[in-house]
Amino acid sequence: MNEADETLQIFFAETDDLLRSAEESLLRLENDPRPGGDVQEIFRAIHTMKSGSAMVGFTKVSEYAHLLENLLERVRGGQLPITKPLVSFLLEDVDFLRKMVDRGGRGEVEAEPEVLRARKSQLNRFLGMDAINEPEPPPAPKSKTAPKKESEEEAKKHGKEKASALPETDGRRYYEIELKFRKDLFSWGQDPILLLLGLEEVADIVDVTADMSRLPDYESYDPYILYISWRLVAKTRATLEEMEDIFMFVRDDNEISIEDITARYKEGVDIAVGERPLGEVLMERGAITKDDLDVALGKQKRLGEILVEEGKIDSSMLEHVVGQQEESRKTYRKTSVRVDVEKINHLVNLAEEIGIGLSRLQNFFSHMVDMSGTETDQELENLLKVNREFQERVAQVRMFPLEGTFRRFQRIARDTAFEQGKKVRVNLVGVDTELDKEVIEHITDPLKHLVRNCVDHGIETPEERQAAGKTPEGLIEFRAFQKGGMILVRISDDGRGLDLDRIAEKAVQREIIQPGEVVDNSNVLDIICQPGFSTVSIITALSGRGVGMDVVRNEVEQLGGTMQIETEKGKGTTFTLSLPLTFALLEALHIKDQDRSYLVPLWGVVGTHKYDPNLVKFFGAGERLYTFRGEYVPVVRLSKVYGISSPTDQSNVGSILVFIDTSRQCFGLLVDQVLDPHQVVVKSLESNFKSVAGIAGATIMGDGSVALVMDLFALEEMFFNRSSARSDA
């Protein structure tokens, strides 16, 4: 990857983070519409995006972000009230910017001209750009303005003569602009922000200082009066006349001066600043007042020295802090490093290869009498320990909190409810729960579908909720927590619940169930996840086509997860997804049956027990239950589940039972041997072989043999439906 490609990848990653941050802040702002931290966060994100997009050549993105930044500046300054329509518009802007970046990333034009023009027109209405085209107030009598106009013409002439006499390097000039507007500027349909926006179209603002000395106290403040004036330095190729034309509508009634100061700048630096006293420069920029300067000059000491003399701090503390400040200024900090997932996966694979090599060496030395138990053996054990920790550390890099994912679904719930005229409140619990990035990517679409289902099918309209004695606002909750080696994600709503009678009626029509068969929480998921199943007669953009739930379930199960549903009429519905923590590493128990090696994920192992015929209860055609921890658990030989022919001797003497609990059902597997637990990297079989039922992948053991990694959820299905068990294992 060359430098340009790498820069683009960094830009795309940062843009995704910035837009997600802005989206989350907007959703919070909708619930608490007050200028503050959220507005600042949105402004920061858009401002950063503006600069970044310009750097990589996405000029249209930068241009639109610039306009959006001006709108947010008005919101931040309290000039534009925060309303639901405004928040909705800004959310649409976030989507629009995301689409522009996506198009640019594919090599397409960022936005079609007419689309961009229409979007800018909408944004300008919020900005109040139409005010520029409104009729100006009647001019003053000519007798008073003629001399002024004449002096302006002379000033222009003088300015041009001065400009022509100054040397130019790159053709750009520097202008110092003083803007002191009349207090009632707003009542004349003018906005100083729009004037500054017009200035930015032709010039780069090098420096800007706002003079707020005329601001009154809080009690006397009038929001319709302009108290602030500005001093700017602009760098541009425009002439003095072109610069003055920007302020042509306000020059007559306001104090506006533009001075060419190009001679003061050498290589882009104002050399006059270095020649003037610090206090004078700070005063000019509004950082301090004349009184502040007089007091400071009276002391003629540095702040630290003053504080030491006054006994506020001791000299050692001053030296320590100053040293820290100097060190901090020299050091460029970066809080995070973006690494491609493929690079992390490569590290995981390398660590596994090292682990396999070390295990084989250990196995080799164990068979050598002279080497067994020696210092070499101990060193190999230490290396294996270090390698295991290295694998775990690398796997942790792949883990991300679910907050960003949940916030994204909060937006989806909000938009879906808005489209349908419903009110929803989204509650997020366990957002700091971490999940493997690859798992998060796979569950994004399934979760999106479930969220839309909750709003579309579950949450009632405000009128329906009030008639049912509920609050007008529905509640959708996202909850995540860890249980064993799995992460449970629950999406629940307090809506109407699933119509089980209607589902049963449709299921009978499609011959999924028999007439009279009860539909409840135990089997409703199997029914609604049938391909093409839907109880909706009218097809809309969100429902009615019978596409979705089967895809959701398949996606979750392909991850090695499972899905459950609980619903109650009038109370709501809860979907629970049980997902593996990570794809990178797996803690597994090594077992053997008929000389075949298997790895059982440890999260599903609840115990092992030496087979005791006295604890077995037989029934049916060879079916048996085993007493385990006071309960009867169905058990069967592992080879039988996989459809592998078993030896004629069925005494099972010396066999060991491994008890599995998938959180749905508990069952036992009879195997020949239970060996040590291992931490392994699972390799998919599908890249070289066909998919095998009940097998999630494979790995290489220390002795060089291949062990098959069990898919416990698929194994469970095979266990309880052994008549249809496949024999391709």
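Answer yes if at least one residue in the range 502-522 is outside the structural domain of Arg664 (by TED's automatic domain parsing), surrounded by fewer than 19 Cβ atoms within 10 Å (Cβ to Cβ), aliphatic (A, V, I, L, M) and touching a residue at least 24 places away in the same chain (Cβ under 8 Å), and no otherwise. Among the residues of the range 502-522, not one is outside the structural domain of Arg664 (by TED's automatic domain parsing), surrounded by fewer than 19 Cβ atoms within 10 Å (Cβ to Cβ), aliphatic (A, V, I, L, M) and touching a residue at least 24 places away in the same chain (Cβ under 8 Å), which makes the answer no. Does Thr405 satisfy the condition of being buried (at least 20 other Cβ atoms within 10 Å of the Cβ) and not assigned by TED's automatic domain parsing to the domain that holds Leu91? Yes; evaluated as a whole, the condition is true for this residue.
Within 30 Å of Ile565 (Cα to Cα), modelled with pLDDT of 70 or more and outside the structural domain of Ser366 (by TED's automatic domain parsing): does that describe Ala696? Against the criterion (within 30 Å of Ile565 (Cα to Cα), modelled with pLDDT of 70 or more and outside the structural domain of Ser366 (by TED's automatic domain parsing)), Ala696 qualifies. Scanning the range 621-636 turns up no residue that is of a type in the set (Phe, Trp, Tyr), at pLDDT below 85 and outside any loop (DSSP other than H, G, I, E, B).
The selection criterion, being touching a strand residue (DSSP E or B) at 6+ places or on another chain (Cβ under 8 Å), of a type in the set (Asp, Glu) and under 30 Å from Gln396 (Cβ atoms), does not hold for Asp493. Asp526 falls short on exactly one of the conditions (1) closer than 23 Å to Asn554 by Cβ; (2) buried (at least 17 other Cβ atoms within 10 Å of the Cβ), and that condition is (2). Only one of the numbered conditions (1) polar (S, T, N, Q); (2) in contact with a Cys (Cβ under 9 Å, 6 or more places away or on another chain); (3) modelled with pLDDT under 85 is not met by Thr562, and that is (2).
For the range 54-63, indicate whether the set of residues that are closer than 21 Å to Arg425 by Cα and part of a loop (DSSP other than H, G, I, E, B) is non-empty.
Let us first name the residues in the range 54-63 that are closer than 21 Å to Arg425 by Cα, namely none.
No, the range 54-63 has no match at all.
Kindly indicate which of Lys610, Lys571 is surrounded by fewer than 21 Cβ atoms within 10 Å (Cβ to Cβ), under 30 Å from Asp501 (Cα atoms) and either in the same structural domain as Val706 (by TED's automatic domain parsing) or in contact (Cβ under 8 Å) with a residue 24 or more places away in the chain (or both).
Working: Lys610 fails: under 30 Å from Asp501 (Cα atoms).
The match here is Lys571.
You will find that of Arg106, Arg98, the residue that is out of contact with any Leu (no Cβ under 7 Å at 6 or more places or on another chain), among the basic types (Lys, Arg) and either at pLDDT below 85 or over 25 Å from Asp191 (Cα atoms) (or both) is Arg106 and no other.
Please work out if Asp456 is out of contact with any strand residue (DSSP E or B) (no Cβ under 6 Å at 6 or more places or on another chain), touching a residue at least 60 places away in the same chain (Cβ under 8 Å) and under 22 Å from Val94 (Cα atoms). It would help to see each step written out before you state the result.
Values: out of contact with any strand residue (DSSP E or B) (no Cβ under 6 Å at 6 or more places or on another chain): yes; touching a residue at least 60 places away in the same chain (Cβ under 8 Å): yes; under 22 Å from Val94 (Cα atoms): no.
Considered against the rule, which asks whether it is out of contact with any strand residue (DSSP E or B) (no Cβ under 6 Å at 6 or more places or on another chain), touching a residue at least 60 places away in the same chain (Cβ under 8 Å) and under 22 Å from Val94 (Cα atoms), Asp456 comes out as no.
Quick one: which strands (runs of 3 or more DSSP E) lie wholly within the range 419-525 and hold at least 1 residues that are over 18 Å from Thr576 (Cβ atoms)? Write out each step before concluding.
Working: elements: 424-429, 434-436, 474-483, 486-493.
Output list reads 424-429, 434-436, 474-483.
Is the range 59-68 home to any residue that is under 29 Å from Gly421 (Cα atoms) and out of contact with any Pro (no Cβ under 9 Å at 6 or more places or on another chain)?
Quick first cut of the range 59-68, residues under 29 Å from Gly421 (Cα atoms) only: 68.
Then keep just the ones that are out of contact with any Pro (no Cβ under 9 Å at 6 or more places or on another chain); that gives 68.
Looking for residues that are under 29 Å from Gly421 (Cα atoms) and out of contact with any Pro (no Cβ under 9 Å at 6 or more places or on another chain), one finds at least one in the range 59-68, hence yes.
The values are calculated or read from the model by the stated rules, or taken from the named source; none is laboratory data. Everything numeric here is computed off the predicted structure, so don't read it as measured data. Virtual Cβ from ideal backbone geometry, glycine too; neighbours counted across all protein chains shown.
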